[in-house]
Amino acid sequence: MNIQTIMVIGAGQMGSGIAQVAAAAGFQVLLHDSSPEFLNRGMLAINKQLSRNVDKGKLTPEGMSEIVSRIQSTEFVELAEQADLVIEAISENMALKVLLFHRLDSLCPAHTILATNTSSLPISEIAAVTGRPEKVIGMHFMNPVPVMPLVEVIRGLETSQEVFEVVYELSQRMGKTPVEVNDFPGFVSNRILMPMINEAIFTVYEGVASIESVDNVMKLGMNHPMGPLELADFIGLDTCLSIMEILYDGFKDSKYRPCPLLRKYVKAGRLGRKSGQGFYSYQ
Ligand code: CAA
């Protein structure tokens, strides 16, 4: 299976980052979003990020032009017919993903692999709406994509060994370190990360320590680059809550109960960096 053209669906933070690293690795990239505004924003983010690398002397201006020229932005999902691999990075909404995978299955040639960057939704359930569950797989990148080396490569129940190997090697070609994971709620990354973040929120909620103190303990005591509350703001508090709900629902275990303070913040529209206010203010 020779992958040359990759379509990335969703030009948000994750999708644009994935498009950038795929183009930098030499693949032809189709970056699709149904919103022209998001598409422009995604292309701008890629240009800005690459320009910074040029300023730092890590990339030549010619190198940057080559990378950008390999990315074609498009509002037409129908171009998926040209893709050898599709990586979906739309919002974490099962109903939307199911609709999209059903459509992709009808648009793409038989050899095309369909990957999802979902952070916690079940791969096997997404695969089940296609006629090619053996070619559906999870490729979970971390934010910011150009910086974080990990990709969780998640096998759905029906994912074939051949597809797994293709995606594993392709992740390496994209400069990432793939880790093999099976399809269980939260996979590995969020099964471990989110309960830590949730516990940090409980620690503030119960008055054990202030927001800054909790973050300082984890940054200075455990060498984490960001404290858990700063990281929660970075990821998005709505995303953190939705992942905790998936863990709670998936395992039916009270240890995954989302902290009431997290719910309260999300209900109030305090979503972290993206809304300008979370545990910290970004005004
Ligand atoms: N996009 C691209 N590159 C970025 C970037 C971004 N958004 N933000 C920072 N960088 C780059 C900088 O350009 C810089 O590159 P150089 O070393 O080449 O100069 C490098 O990252 C370091 O950046 P800074 O010096 O500005 O800042 P920093 O040292 O504080 O690092 C950070 C920033 C990399 C984000 C760091 O704080 C960090 O690693 N934080 C934790 C991130 C993390 O845990 N991510 C996973 C989140 S969970 C997830 O994604 C999965 C999920 O399902 C929820």
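The values are calculated or read from the model by the stated rules, or taken from the named source; none is laboratory data. Small disclaimer: the values here were computed from a predicted structure and weren't measured. Cβ sites come from the backbone with ideal geometry, for glycine too, and all protein chains shown count toward neighbours. Note: accessible area is taken over every heavy atom of the protein model, side chains too, but ligands, DNA and RNA are not part of it. Shrake-Rupley method; radii C 1.70, N 1.55, O 1.52, S 1.80 Å.
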For this session: Restrict the check to the stretch 200-211 and report whether at least one residue is more than 27 Å from ILE6 (Cα to Cα), modelled with pLDDT of 95 or more, within 16 Å of the ligand (Cβ to nearest atom) and out of contact with any helix residue (DSSP H, G or I) (no Cβ under 7 Å at 6 or more places or on another chain).
Result: no
Seminar exercise, completed: From the option list LYS255, LYS219, single residue qualifying as away from the ligand (no atom under 15 Å from the Cβ), charged (D, E, K, R), over 26 Å from ILE126 (Cβ atoms) and part of a helix (DSSP H, G or I) is LYS255
For this session: Those residues that are of a type in the set (Val, Ile, Thr), within 14 Å of the ligand (Cβ to nearest atom) and not in a strand (DSSP E or B), I need them from the stretch 124-154; list them, please.
Result: VAL145, VAL147
Exercise. Hey, does the stretch 171-180 have a residue that's more than 16 Å from the chain's Cα centre (by Cα) and open to solvent by less than 30 Å² (accessible area, probe 1.4 Å)?
Worked result: no
Problem set entry | Scan of the stretch 13-28 for residues that are surrounded by fewer than 19 Cβ atoms within 10 Å (Cβ to Cβ) and either under 13 Å from the mean Cα position of the chain (by Cα) or free of Cβ contacts under 8 Å to residues at least 40 places away in the same chain (or both), ordered by number | GLN13
For this session: Being closer than 22 Å to GLY15 by Cβ, open to solvent by 40 Å² or more (accessible area, probe 1.4 Å) and in a helix (DSSP H, G or I) is the filter here, so list the residues in the stretch 52-72 that pass it.
Result: ARG52, SER65, GLU66, SER69
